[in-house]
Each structure stands twice: as C-alpha cells, then as structure tokens.
Amino acid sequence: MDPRARGFVSETRPREGGRKRTNQDPPPLAAGGVIALGSAAPRDAGRAARIGFAADKRIAFLWALRAADLTAVIVTALLALYARLGSYAFSSGEVWELAVGCLLSANALQFARVYDLGNMVPRSSHVGRIAAAWVITIFAVVAAIYFTKTAEDVSRGWVLLWAIFGFAGLCAVRLVAWRRLARWRNEGTFVVNVAVVGDGPAASRLARNVEKAGDGYSRVVGVFGLNGSTEVRRSATGDLADSLDDLVQLTRKARIDEIAISLPCPDSANLGAALTRLGRLPIDVKLCLDLPVPNAAGIDPGSIPPVAVFTRPLAGWPIVVKRAMDVVASAALLLLFAPLMIIVAALIKLDSPGPVLFRQRRFGFNKNPFTVFKFRTMHVEAAFDASIRQARRDDPRVTRVGRWLRRSSVDELPQLANVLLGTMSLVGPRPHAIAHDERYAAVIDGYLGRHRVLPGITGWAQVKGYRGETETIEKMARRVEYDLYYIDNWSPMFDVYILLRTVLIGLFDRHAY
C-alpha cells in the first residue's frame with residue numbers, strides 16, 4: 001500500500017480491478033479529471049447527501065464482519081461438540097474454554113488486521129492471516145485448559161474438531177463477504193470521492209498520488225484552484241470547474257467524502273480564506289505536504305501523513321446511533337400523538353379555511369433544500385406570504401387555534417415525518433426559511449456551519465431561550481453560537497437532555513407566540 005494515502009483515505013483498500021460503470025456510481029470524470037457539473041450528477045442528490053458517506057458504509061460493513069466471525073466461532077463450537085459427543089450440552093469447563101476462545105479470537109483477528117479492507121485482497125494472503133490468528137487462538141485455549149487444570153472436564157476431540165470447523169467457518173464468512181464486496185465495488189459503494197484543492201504542479205501530483213494509492217477505492221473528482229488562476233479545466237459540457245465556488249456547488253450535487261489541500265501554498269491569504277469556506281462543509285478537510293524532489297533532506301514525501309484541519313461531525317458510529325434514535329423515537333411519537341394530531345387537524349379546518357399543513361422549503365444538511373411540515377397556524381393568505389416575516393407577539397396573522405398550537409409547540413408535531421424521511425433529526429439546529437438563511441449567512445460569521453448536521457425539531461439554542469422571533473442580529477448570532485456548540489459537543493446523552501428540557505419548558509415558553 002502506497003503510504004501517501006495514510007490518514008487521507010482508509011489506510012488499506014482492496015484492488016478494484018476492471019469494472020463497468022453502473023447507475024449508482026458517482027458522476028463520471030471529464031477531461032482533466034473534473035466532474036461534469038452540468039451533466040451527470042446523481043438523480044437524487046439530496047437523498048445521496050442524507051444517506052451518508054462511503055466511510056460510514058465501510059465502518060458498518062467491517063463491524064458486521066466482526067459479528068459474523070464471532071457467530072461463526074460459536075456455531076462451529078456447537079457443531080464440533082455435536083459431532084464429537086452427539087449432544088449440544090457443554091460441560092462447565094467447555095463453556096469456559098468457549099468464552100476464552102471467543103475473546104481471544106476477536107483480539108487475534110483484529111491484531112492480524114483482517115478487518116482492513118486492503119488486506120482482504122489478495123485472498124490467499126487474507127486466508128493466511130485468518131489461519132495465523134486462529135492457530136494462536138486454539139493454542140491459547142489449550143494453554144488455558146492446561147493451566148486451569150480442566151483437562152478432565154474438556155473433550156480433547158472437541159477442541160480438535162473445533163479447530164478444524166472454526167477455520168472452515170471463518171473462511172465461509174469470507175466467501176460471503178467477498179461476494180458482497182464484489183457487488184458493492186461494482187456499484188461504487190465504498191469509493192472515496194476526494195476533491196483536491198491547490199494550484200500548479202503540486203496539486204496535479206497530489207491528485208495522481210491519491211488515485212494511485214487508493215487502489216481503485218479513491219477517486220479524484222476534480223482539482224480546484226485556490227484563486228482561479230490555475231490552468232483552465234473544462235468539463236465535457238464546457239462548464240468551468242476549477243474554483244472553490246465550483247467545489248462548494250459540487251458538494252451539493254454529488255457525494256464528496258474528503259477534501260485535500262496541496263501544500264505548500266503560494267498565497268497564504270488565499271489558503272486562509274479557503275479554509276474558512278471549506279470548514280463550513282460537512283466534509284473532512286486535510287492538508288497534504290508536497291515535496292517535488294524525492295527524498296529531499298532525507299524525507300520520503302510519501303511517509304508524511306496529511307494533517308486533518310476539519311473533520312466531519314457525527315461521522316462513523318455516532319451518526320448511526322443518532323439516526324437509530326431518531327427513527328425509533330419519531331415512529332413511537334407519531335403513534336403516540338396520532339389521536340391528538342387528528343383532533344388538531346379537525347380544529348384547524350373548523351377555525352379557518354385553508355390546508356391543515358403548512359409546507360415550506362428550507363435548507364437542511366449541507367444546505368440541501370427540503371420541505372418542512374408544520375400545522376398551519378396563520379390565516380392562509382399570511383401563511384404562504386412570500387415575504388416570510390417572523391411571527392411576533394399578538395401577531396394578527398395567527399389564528400385562534402394557531403395561537404395555542406404555537407404556544408404549546410404542537411404545531412411542530414408533523415415534523416416527526418421529516419425525521420422519519422431523514423431530512424431532519426429530533427435534535428439539531430432549527431431550520432430557517434431560505435430567505436432568512438441567506439440574510440443571516442451574509443452577516444454572521446460561521447452561520448453556514450449549522451448545515452454540517454441535519455436540522456432538528458428542537459435544539460440546544462431553543463432550550464437555552466433562543467426560540468421564536470429574533471429581533472436583532474445579536475440574538476441570531478447567539479443562537480448560532482449555541483448551535484455550533486451542540487455540533488461540536490454532540491453525544492447521545494446530550495440529545496436526551498435537550499429532549500427532556502424541551503418537554504419540560506415546551507408548554508411554558510414565553511418566546512413561543
């Protein structure tokens with residue numbers, strides 16, 4: 001494995017080999033290695049942005065592989081016992097040795113690096129790693145039998161058969177895993193899309209090194225100049241695609257997993273401005289040192305790992321945990337509040353003419369637009385007013401039923417459907433109307449950083465008193481501070497705490513009107 005990829009894409013990846021493009025692949029590269037901005041973006045880019053990144057899928061696959069290996073170790077132990085004694089009844093000593101074997105095999109397989117994707121190819125080498133780890137496990141089990149003096153309570157024939165069956169079981173798991181990998185490889189599931197930022201030959205060298213080191217599992221989607229003065233690269237449709245503006249636009253059309261900035265940079269001012277803009281994206285951003293002369297000053301340029309400047313929040317297992325919490329809780333709450341929601345819908349229809357639900361386009365994750373659902377609380381001509389004025393105390397636009405709905409936050413209940421659809425989370429920065437979003441983004445530093453995670457029905461800013469009307473820029477800036485704090489300090493218990501505080505203060509919030 002070429003060390004240039006260390007810390008930049010997954011350290012090891014299987015060799016892709018030749019394959020045909022499929023509809024699930026990222027957009028094709030045009031001449032010069034740049035994605036065609038106007039042609040081949042995914043048909044549902046918003047959904048592509050919501051469902052996650054290649055790194056998250058690799059993590060899920062590798063943990064599933066660990067679970068399958070542990071299952072294989074236990075099942076083959078049962079089969080070996082039945083083959084030897086004609087029964088599945090373990091003695092106390094055999095139960096102890098099975099527990100030791102499970103624990104040791106999990107650690108030995110991890111130590112043998114069988115859970116690195118790159119070590120799964122070539123297959124013969126991978127099987128050798130499994131064999132070495134399993135032999136160590138069996139010898140450790142035998143040693144445990146000897147030192148605990150439980151030989152009389154453990155069948156030696158069972159241990160021998162378990163050694164044979166266990167190895168066969170682990171290999172069977174690999175056969176299934178290899179077939180799945182081949183399918184996902186053809187679909188481009190695990191491909192890491194990398195955008196290179198830089199000027200001149202250094203950026204071009206970095207792009208070549210990334211694709212070479214990735215063994216087909218990293219793809220350079222484009223080389224984007226810091227100041228637009230680089231060699232002009234045009235896509236197949238003639239679209240200019242070499243500036244940071246194009247890169248920011250591309251992150252909303254296609255999946256970008258990582259951004260690599262080539263160093264040294266001839267203009268430090270441009271580098272600082274670029275980092276400020278790229279830090280607002282939900283993407284890992286890394287600095288990569290380029291040494292044009294090999295072994296300059298005795299340093300191998302390939303041995304210098306990149307420096308992570310920004311990391312994507314809620315990457316890997318945290319995003320899986322948060323999504324699981326969202327799905328389970330929102331589904332349960334929808335069932336719980338279904339009778340109330342039916343009654344509220346009837347009251348709205350009786351109180352004023354117009355639709356029950358209010359729909360509005362807002363910016364969500366990575367500033368992708370989505371439709372938010374709420375119970376309509378204003379008269380229909382005001383609810384769909386293009387000026388989008390915030391509600392004020394004693395606002396005449398609010399209906400009688402709507403006033404109670406807003407005070408009690410019951411008008412937010414339809415957003416549970418947004419959570420199930422994956423466009424919102426239970427907890428996160430509140431989504432603002434697009435007109436408000438664009439206004440505040442122009443005057444509040446760091447405002448766009450709110451879009452690095454899914455928006456939420458409630459959030460840290462709301463439970464800290466920054467809910468409802470924001471009459472001044474200072475109030476909105478304070479709300480943004482709380483939102484960014486939440487993003488940087490997320491934990492499952494933090495979400496639970498915010499939800500509990502929302503329930504406690506929701507009915508008595510003086511800022512809700």
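Data table
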item: Under-5 Å amide H pairs with Leu357, H placed in peptide plane, nonlocal only; result: Arg376
item: Charged-residue dipole, Cβ positions (Lys, Arg, Asp, Glu), the stretch 317-506 about Cα centre, Debye nearest 20; result: 220 debye
item: For the stretch 160-177, 3J(HN,Hα) per residue [Karplus equation, 6.51 cos²θ - 1.76 cosθ + 1.60, θ = phi - 60°, Hz, x = Gly/Pro]; result: 5, 5, 5, 4, 6, 5, x, 5, 5, x, 5, 5, 5, 4, 5, 4, 5, 4
item: Footprinting exposure proxy for Tyr82, Tyr146, Tyr440, Tyr447 (fewest neighbouring C-beta atoms within 10 Å first); result: Tyr146, Tyr82, Tyr440, Tyr447
item: Given Lys322/Lys367; Lys57/Lys374; Lys57/Lys322; Lys286/Lys464, the pairs whose alpha carbons are separated by over 22 Å; result: Lys57/Lys374; Lys286/Lys464
item: HN-Hα J in Hz across the stretch 433-450 - Karplus 6.51, -1.76, 1.60, θ = phi - 60°, x for Gly and Pro; result: 4, 4, 4, 5, 4, 5, 5, 6, 4, 7, 10, 10, 5, x, 4, 5, x, 5
item: Cβ-placed point charges (K, R +1; D, E -1), dipole of the stretch 57-186 about Cα centre in debye, nearest 20; result: 860 debye
item: Top positive-direction residue, dipole computed over the stretch 317-506 with Cβ charges, set Val401, Thr423, Ile498; result: Val401
item: Amide H partners (placed H, <5 Å) of Gly364, local residues excluded; result: Phe370
item: Proximal charge balance of Leu78 [Cβ under 14 Å; K/R count +1, D/E count -1]; result: -1
item: Equivalent ellipsoid semi-axes, the stretch 57-186, via Cα gyration tensor eigenvalues times 5, rooted, Å; result: 29, 14, 12
item: 5 angstrom amide H check on Val220, placed H, neighbours 5+ away; result: Val194
item: Ascending count of other beta-carbon atoms within 10 Å, so fewest first, for Arg312, Arg359; result: Arg359, Arg312
item: Selection from Val410, Ile444, Asn366, by position along the positive dipole direction of the stretch 317-506 (Cβ); result: Val410
item: Per-residue ³J(HN,Hα) for the stretch 397-411, Karplus 6.51 cos²θ - 1.76 cosθ + 1.60, θ = phi - 60°, Hz, x for Gly and Pro; result: 6, 7, 6, 5, 5, x, 4, 5, 4, 6, 5, 8, 6, 5, 5
item: Within straight-line cross-link reach of Lys149, lysines at Cα separation under 17 Å, skipping those fewer than 8 residues along the same chain; result: none
item: Relative exposure of Glu258, Glu187, judged by other C-beta atoms within 10 Å (fewest first); result: Glu187, Glu258
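Only the coordinates and a few stated rules stand behind these numbers; no lab work does. What you see is a predicted model; the values in this text were computed from it and never measured. Cβ: placed from backbone, ideal geometry, glycine included. Neighbour counts: every protein chain shown.
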